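Written below as structure tokens is the structure these notes are about.
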Amino acid sequence: MSDLCALGFVSVGTLLNIAGLWCAGRAFVHAWRAYGRGPLLPWLRAASEGVVALGRRLAPWIKRDATVHTATASASLKVSVSVRPVVRRAFPAGLTDSERIDRLVQTVEGIYSELTEDRAMADQQHSTLHRRIDEVAAGLRDESRRLEHLSKEAVSQDVRLQLAGLLLIGLGTVLATVPTILGLLAP
């Protein structure tokens, strides 16, 4: 095998190793930023921030656009209660006992019908409130599923990138060792 061919294998293998390391490193750093706590290497972060600050002072026209990925879930519930005060007056003077009893029966029947109406309104509000609670709970379940899907998607993207990096490293290693193996086999 010629030296030029061997150099080609080693160069391509080295480039694939570098590309694989870059993919795996990028995925690891992305996963660390998304799920890790604190800086991965504090001294390296401080050094890179110093370099970035120096670069911004030397070239202030260069700006980096930030990409922000957010996911939120929210729920709201509104409840209202109404109270109706009732004031009754005393019976006028000069009524007979039977007239007083008739007015008292009418008053009690009026109060009973008002209580029945209030009970019906309270039952309606109660069923509306429960229906709204069920809607909010369903919305929260949907949002929870959506957030779970987003988090799984983010993790799977990192895993795909790490896998691609590892495959590139493996392929690069194989290609870089081909000249060595062929050199050992040659007489």
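Taken together, the values in this text are just the output of simple stated rules run on the coordinates, not laboratory data. In this text the structure is predicted, and so the values were computed from the model without any measurement. Please note: Cβ atoms are built from the backbone with ideal geometry, for glycine as well, and neighbour counts cover all protein chains shown.
3J(HN,Hα) along the stretch 141-149, derived from phi through the Karplus expression 6.51 cos²θ - 1.76 cosθ + 1.60 where θ = phi - 60°, amounts to 5, 4, 5, 5, 5, 5, 5, 5, 4 Hz, with x in place of Gly and Pro.
Extension gain, residue 166 to residue 90, is 18.1 nm, computed as 0.36 nm per intervening residue step minus the present C-alpha separation.
How fast does the stretch 110-157 diffuse by Stokes-Einstein, in µm²/s, taking the Kirkwood radius from C-alpha pairs at 25 °C and 0.890 mPa s? Value of D from the Cα-based Kirkwood radius: 179 µm²/s.
Fully extended, how many nm does the chain gain between residue 177 and residue 54 (0.36 nm per residue separation, minus their Cα-Cα distance)?
Taking 0.36 nm per residue and subtracting the Cα distance, the gain is 40.1 nm.
Each of 110, 136, 164 was scored by the projection of its Cα onto the charge dipole of the stretch 100-168, and the greatest displacement toward the positive side belongs to 164; charges sit on the C-beta of Lys, Arg, Asp and Glu.
Assuming R0 = 30 Å, can you tell me the calculated FRET efficiency for the pair residue 99 and residue 125, based on Cβ-Cβ distance, to the nearest 0.05?
E(calc), rounded to 0.05, equals 0.20.
The fewest-to-most ranking of 178, 108, 136 by surrounding Cβ atoms within 10 Å reads 108, 136, 178. The Cα atoms of the stretch 132-187 cover 84, 10, 6 Å along the three principal axes, with the biggest extent listed first.
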